[in-house]
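Structure first, then comments.
The values are calculated or read from the model by the stated rules, or taken from the named source; none is laboratory data. Given the structure is predicted, the values throughout are model-derived calculations rather than measurements. Here the Cβ positions follow ideal geometry from the backbone for every residue, glycine too, while neighbour counts run over all protein chains shown. What goes into the accessible areas is simple: the full protein's heavy atoms, side chains included, and nothing from ligands, DNA or RNA. Shrake-Rupley method; radii C 1.70, N 1.55, O 1.52, S 1.80 Å.
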Amino acid sequence: MDLQVTFIGTSASVPSAARGTSATLVARGGARWLIDCGEGTQRQLLRSGLGLTDVDAILLTHLHGDHFLGLPGMFKTYGLRGRERELLLVGPPGLESLLDTLHPVIGRLPFRLDVMEASPGAVIREDGMEVRAFHTDHGIRSLGYALVEEDRPGAFDVDAARALGVQSGPDFGVLQRGGEVRCADGSVVRPDQVMGEAREGRTVVFSGDTRPCAGTADAAIGADLLVH
(Lines give C-alpha, C1' and ligand atoms only; values in the text may rest on other atoms or scores of the structure.)
Protein backbone atom coordinates (compact mmCIF):
# COMPACT_ATOMS: atom_id res chain seq x y z
CA MET A 1 0.00 0.00 0.00
CA ASP A 2 1.37 3.39 -0.99
CA LEU A 3 2.39 5.76 1.82
CA GLN A 4 3.16 9.36 0.90
CA VAL A 5 4.08 12.41 2.99
CA THR A 6 3.80 15.86 1.40
CA PHE A 7 5.01 19.03 3.11
CA ILE A 8 2.32 21.66 2.58
CA GLY A 9 3.60 24.31 5.00
CA THR A 10 6.94 24.38 6.83
CA SER A 11 7.27 27.98 8.02
CA ALA A 12 7.19 28.71 11.76
CA SER A 13 4.90 31.35 13.25
CA VAL A 14 4.41 33.42 10.08
CA PRO A 15 4.37 32.56 6.36
CA SER A 16 7.16 33.59 4.05
CA ALA A 17 7.06 34.37 0.35
CA ALA A 18 7.92 30.75 -0.43
CA ARG A 19 6.48 28.80 2.50
CA GLY A 20 3.14 28.51 4.26
CA THR A 21 2.63 27.85 7.96
CA SER A 22 2.46 24.35 9.41
CA ALA A 23 0.64 21.63 7.47
CA THR A 24 1.64 18.16 6.30
CA LEU A 25 -0.51 15.82 4.21
CA VAL A 26 -0.25 12.07 4.78
CA ALA A 27 -1.76 9.73 2.21
CA ARG A 28 -2.01 5.98 2.75
CA GLY A 29 -4.04 4.00 0.25
CA GLY A 30 -7.31 5.91 -0.05
CA ALA A 31 -7.02 7.67 3.32
CA ARG A 32 -5.85 11.27 3.74
CA TRP A 33 -4.84 12.97 6.99
CA LEU A 34 -3.63 16.51 7.57
CA ILE A 35 -1.17 17.18 10.38
CA ASP A 36 -1.85 20.80 11.43
CA CYS A 37 -3.71 23.34 9.33
CA GLY A 38 -1.98 26.70 9.41
CA GLU A 39 -3.06 29.87 7.63
CA GLY A 40 -3.11 29.42 3.85
CA THR A 41 -3.23 25.62 3.86
CA GLN A 42 -5.90 25.56 1.12
CA ARG A 43 -3.75 27.70 -1.15
CA GLN A 44 -0.67 25.59 -0.46
CA LEU A 45 -2.57 22.37 -1.25
CA LEU A 46 -3.58 23.81 -4.60
CA ARG A 47 -0.01 24.92 -5.32
CA SER A 48 1.31 21.47 -4.43
CA GLY A 49 -0.48 19.94 -7.40
CA LEU A 50 -2.49 17.61 -5.16
CA GLY A 51 -5.57 19.81 -5.28
CA LEU A 52 -7.86 20.70 -2.41
CA THR A 53 -8.06 17.22 -0.96
CA ASP A 54 -11.07 16.04 1.06
CA VAL A 55 -9.16 14.78 4.09
CA ASP A 56 -10.54 12.18 6.49
CA ALA A 57 -8.98 13.72 9.60
CA ILE A 58 -7.07 16.79 10.75
CA LEU A 59 -4.68 16.26 13.64
CA LEU A 60 -3.50 19.38 15.47
CA THR A 61 -0.24 19.21 17.39
CA HIS A 62 -1.10 22.21 19.57
CA LEU A 63 -3.32 25.27 19.67
CA HIS A 64 -1.07 28.09 18.53
CA GLY A 65 -2.52 30.07 15.64
CA ASP A 66 0.07 29.05 13.05
CA HIS A 67 -1.19 25.48 13.44
CA PHE A 68 -4.98 26.00 13.29
CA LEU A 69 -5.86 29.29 11.56
CA GLY A 70 -6.49 27.45 8.28
CA LEU A 71 -9.41 25.52 9.77
CA PRO A 72 -12.27 28.03 9.25
CA GLY A 73 -11.53 28.47 5.56
CA MET A 74 -11.05 24.73 5.02
CA PHE A 75 -14.34 23.93 6.75
CA LYS A 76 -16.26 26.56 4.78
CA THR A 77 -14.82 25.35 1.47
CA TYR A 78 -15.82 21.78 2.27
CA GLY A 79 -19.31 23.04 3.07
CA LEU A 80 -19.57 24.98 -0.20
CA ARG A 81 -18.50 21.86 -2.08
CA GLY A 82 -21.32 19.89 -0.47
CA ARG A 83 -19.29 17.60 1.73
CA GLU A 84 -21.53 15.23 3.69
CA ARG A 85 -19.23 12.66 5.30
CA GLU A 86 -17.96 13.43 8.78
CA LEU A 87 -14.54 14.95 9.44
CA LEU A 88 -12.46 13.92 12.45
CA LEU A 89 -10.63 16.77 14.20
CA VAL A 90 -8.06 15.70 16.81
CA GLY A 91 -6.02 17.88 19.14
CA PRO A 92 -4.90 18.41 22.72
CA PRO A 93 -7.24 19.42 25.54
CA GLY A 94 -8.67 22.87 24.86
CA LEU A 95 -9.72 22.00 21.31
CA GLU A 96 -13.46 22.11 22.05
CA SER A 97 -13.10 25.50 23.73
CA LEU A 98 -11.21 26.77 20.67
CA LEU A 99 -14.02 25.62 18.37
CA ASP A 100 -16.56 27.41 20.56
CA THR A 101 -14.53 30.60 20.10
CA LEU A 102 -14.33 30.07 16.33
CA HIS A 103 -18.01 29.19 15.97
CA PRO A 104 -19.15 32.71 14.88
CA VAL A 105 -16.59 32.51 12.06
CA ILE A 106 -17.22 28.90 11.04
CA GLY A 107 -20.99 28.95 11.41
CA ARG A 108 -23.12 25.95 10.47
CA LEU A 109 -21.60 23.12 8.47
CA PRO A 110 -23.44 20.53 6.33
CA PHE A 111 -21.19 17.75 7.59
CA ARG A 112 -20.53 16.38 11.04
CA LEU A 113 -17.36 17.53 12.78
CA ASP A 114 -16.22 14.79 15.17
CA VAL A 115 -13.98 16.47 17.76
CA MET A 116 -11.53 14.46 19.86
CA GLU A 117 -9.45 15.97 22.65
CA ALA A 118 -6.70 13.38 22.63
CA SER A 119 -4.44 11.89 25.26
CA PRO A 120 -1.55 9.52 24.52
CA GLY A 121 -2.74 6.41 22.67
CA ALA A 122 -4.49 5.47 19.43
CA VAL A 123 -6.66 8.17 17.86
CA ILE A 124 -7.26 6.45 14.49
CA ARG A 125 -7.44 2.71 13.78
CA GLU A 126 -8.03 1.25 10.34
CA ASP A 127 -6.81 -1.25 7.78
CA GLY A 128 -3.68 -2.64 9.41
CA MET A 129 -2.48 0.59 11.04
CA GLU A 130 -3.13 3.09 13.76
CA VAL A 131 -2.22 6.69 14.45
CA ARG A 132 -1.01 7.20 18.01
CA ALA A 133 -0.75 10.47 19.89
CA PHE A 134 2.08 11.11 22.34
CA HIS A 135 2.97 14.00 24.67
CA THR A 136 5.55 16.55 23.55
CA ASP A 137 7.10 19.58 25.29
CA HIS A 138 6.12 22.97 23.90
CA GLY A 139 5.19 25.10 26.89
CA ILE A 140 1.48 24.57 26.23
CA ARG A 141 -0.33 21.25 25.85
CA SER A 142 1.04 19.63 22.73
CA LEU A 143 1.02 16.29 20.94
CA GLY A 144 3.01 14.42 18.36
CA TYR A 145 1.57 11.69 16.16
CA ALA A 146 2.98 8.35 15.03
CA LEU A 147 1.51 6.38 12.14
CA VAL A 148 2.32 2.75 12.93
CA GLU A 149 1.54 -0.08 10.53
CA GLU A 150 1.13 -3.73 11.43
CA ASP A 151 3.53 -6.15 9.78
CA ARG A 152 2.58 -6.72 6.16
CA PRO A 153 2.35 -10.09 4.37
CA GLY A 154 5.30 -11.11 2.25
CA ALA A 155 5.28 -10.70 -1.52
CA PHE A 156 3.14 -13.16 -3.47
CA ASP A 157 5.18 -15.34 -5.87
CA VAL A 158 2.98 -15.63 -8.96
CA ASP A 159 5.34 -17.96 -10.80
CA ALA A 160 5.57 -20.35 -7.85
CA ALA A 161 1.78 -20.44 -7.52
CA ARG A 162 1.30 -21.24 -11.20
CA ALA A 163 4.01 -23.93 -11.08
CA LEU A 164 2.06 -25.60 -8.25
CA GLY A 165 -1.11 -25.61 -10.35
CA VAL A 166 -2.94 -22.58 -8.95
CA GLN A 167 -5.10 -20.87 -11.55
CA SER A 168 -4.92 -17.09 -11.94
CA GLY A 169 -7.90 -15.33 -10.40
CA PRO A 170 -9.69 -15.60 -7.04
CA ASP A 171 -7.42 -18.40 -5.76
CA PHE A 172 -4.49 -15.97 -5.78
CA GLY A 173 -6.42 -13.76 -3.36
CA VAL A 174 -7.28 -16.70 -1.11
CA LEU A 175 -3.60 -17.52 -0.71
CA GLN A 176 -2.65 -13.89 -0.11
CA ARG A 177 -5.24 -13.72 2.68
CA GLY A 178 -3.81 -16.81 4.37
CA GLY A 179 -6.16 -19.51 3.02
CA GLU A 180 -5.38 -22.81 1.31
CA VAL A 181 -6.33 -23.64 -2.26
CA ARG A 182 -7.20 -27.04 -3.77
CA CYS A 183 -6.01 -27.35 -7.37
CA ALA A 184 -7.65 -29.22 -10.25
CA ASP A 185 -5.37 -32.23 -9.69
CA GLY A 186 -6.46 -32.50 -6.05
CA SER A 187 -3.25 -31.08 -4.54
CA VAL A 188 -3.48 -28.46 -1.81
CA VAL A 189 -1.34 -25.32 -1.92
CA ARG A 190 -0.60 -23.50 1.34
CA PRO A 191 0.28 -19.80 1.72
CA ASP A 192 3.78 -20.59 2.98
CA GLN A 193 4.53 -22.19 -0.39
CA VAL A 194 3.87 -19.02 -2.38
CA MET A 195 4.30 -16.11 0.05
CA GLY A 196 7.60 -14.49 0.99
CA GLU A 197 8.58 -13.57 4.54
CA ALA A 198 6.43 -11.00 6.32
CA ARG A 199 7.56 -7.39 5.87
CA GLU A 200 7.85 -5.11 8.86
CA GLY A 201 5.21 -2.38 8.95
CA ARG A 202 6.29 1.20 8.43
CA THR A 203 6.34 3.91 11.10
CA VAL A 204 6.18 7.65 10.40
CA VAL A 205 6.46 10.10 13.32
CA PHE A 206 5.49 13.79 13.41
CA SER A 207 6.83 15.60 16.45
CA GLY A 208 5.19 18.98 15.93
CA ASP A 209 6.90 21.94 17.64
CA THR A 210 8.70 20.49 20.63
CA ARG A 211 11.82 20.70 22.69
CA PRO A 212 13.80 17.46 22.84
CA CYS A 213 11.66 15.15 24.98
CA ALA A 214 11.20 11.50 25.90
CA GLY A 215 7.84 11.29 24.12
CA THR A 216 9.35 11.98 20.72
CA ALA A 217 12.42 9.85 21.37
CA ASP A 218 10.31 6.86 22.38
CA ALA A 219 7.89 7.22 19.47
CA ALA A 220 10.75 7.51 16.97
CA ILE A 221 12.57 4.30 17.92
CA GLY A 222 12.78 2.23 14.73
CA ALA A 223 10.81 4.81 12.71
CA ASP A 224 11.24 4.91 8.93
CA LEU A 225 10.66 8.66 8.88
CA LEU A 226 10.76 11.32 11.60
CA VAL A 227 9.41 14.79 10.78
CA HIS A 228 10.55 17.22 13.48
Check your understanding: Does segment 129-149 contain any residue that is open to solvent by less than 10 Å² (accessible area, probe 1.4 Å), of a type outside the set (D, E, K, R) and farther than 24 Å from Val204 by Cα?
Key -> no
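Find the residue count for segment 46-64, including only residues that are farther than 19 Å from Arg28 by Cα and part of a loop (DSSP other than H, G, I, E, B). Step through it out loud before you land on a result.
The initial filter retains those residues of segment 46-64 that are farther than 19 Å from Arg28 by Cα, namely 46-47, 61-64.
From what's left, part of a loop (DSSP other than H, G, I, E, B): 61, 63-64.
The total comes to 3.
One line per residue, one yes/no per condition, for (1) at pLDDT 95 or above; (2) under 16 Å from the mean Cα position of the chain (by Cα); (3) under 30 Å from Pro153 (Cα atoms):
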{"position": "Ile8", "(1), (2), (3)": "yes, yes, no"}
{"position": "Ser11", "(1), (2), (3)": "no, no, no"}
{"position": "Ala17", "(1), (2), (3)": "no, no, no"}
{"position": "Gly38", "(1), (2), (3)": "yes, no, no"}
{"position": "Gly51", "(1), (2), (3)": "no, no, no"}
{"position": "Pro72", "(1), (2), (3)": "yes, no, no"}
Review point. Quick check: anything in segment 110-122 among the hydrophobic types (A, V, I, L, M, F, W, C), surrounded by fewer than 13 Cβ atoms within 10 Å (Cβ to Cβ) and within 26 Å of Thr77 (Cα to Cα)?
Key: no
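In a loop (DSSP other than H, G, I, E, B), more than 18 Å from the chain's Cα centre (by Cα) and either under 15 Å from Leu34 (Cα atoms) or modelled with pLDDT of 95 or more (or both) - does that describe any residue in segment 86-99? First the steps, then the outcome.
Filtering segment 86-99 down to residues in a loop (DSSP other than H, G, I, E, B) leaves 86, 92-94.
With the extra rule that they be more than 18 Å from the chain's Cα centre (by Cα), the set shrinks to 93-94.
Adding the requirement that they be either under 15 Å from Leu34 (Cα atoms) or modelled with pLDDT of 95 or more (or both) leaves 93-94.
Yes, the conditions are met somewhere in segment 86-99.
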Practice item. Please enumerate the residues belonging to segment 186-219 that are in contact with a His (Cβ under 9 Å, 6 or more places away or on another chain) and in contact (Cβ under 8 Å) with a residue 24 or more places away in the chain. Key: Val205, Phe206, Ser207, Gly208, Asp209, Thr210, Arg211, Cys213, Gly215, Thr216
Point to revise | Filter pass, Leu46 being more than 14 Å from the chain's Cα centre (by Cα) and either free of Cβ contacts under 8 Å to residues at least 12 places away in the same chain or crowded, with 23+ Cβ neighbours inside 10 Å (or both) | key: yes
Review point. What's the number of the condition Gly29 fails, among (1) open to solvent by less than 60 Å² (accessible area, probe 1.4 Å); (2) at pLDDT 95 or above?
Key: (2)
Practice item. Those residues that are open to solvent by less than 40 Å² (accessible area, probe 1.4 Å) and either of a type in the set (Gly, Ala, Ser) or in contact (Cβ under 8 Å) with a residue 24 or more places away in the chain (or both), I need them from segment 170-185; list them, please. Key: Gly173, Gly179
Exercise for review: Mind listing whichever residues of segment 113-137 are within 12 Å of Thr210 (Cα to Cα) and modelled with pLDDT under 95?
Suggested key: none
Check your understanding: Where residues in segment 186-209 are open to solvent by 40 Å² or more (accessible area, probe 1.4 Å) and under 22 Å from the mean Cα position of the chain (by Cα), which of them is farthest from Asp127 (Cα to Cα)?
Key -> Asp209
Study note, to complete from the structure: By residue number, the members of segment 70-97 that are surrounded by fewer than 17 Cβ atoms within 10 Å (Cβ to Cβ), touching a residue at least 24 places away in the same chain (Cβ under 8 Å) and within 16 Å of Glu117 (Cα to Cα) are Pro93, Gly94
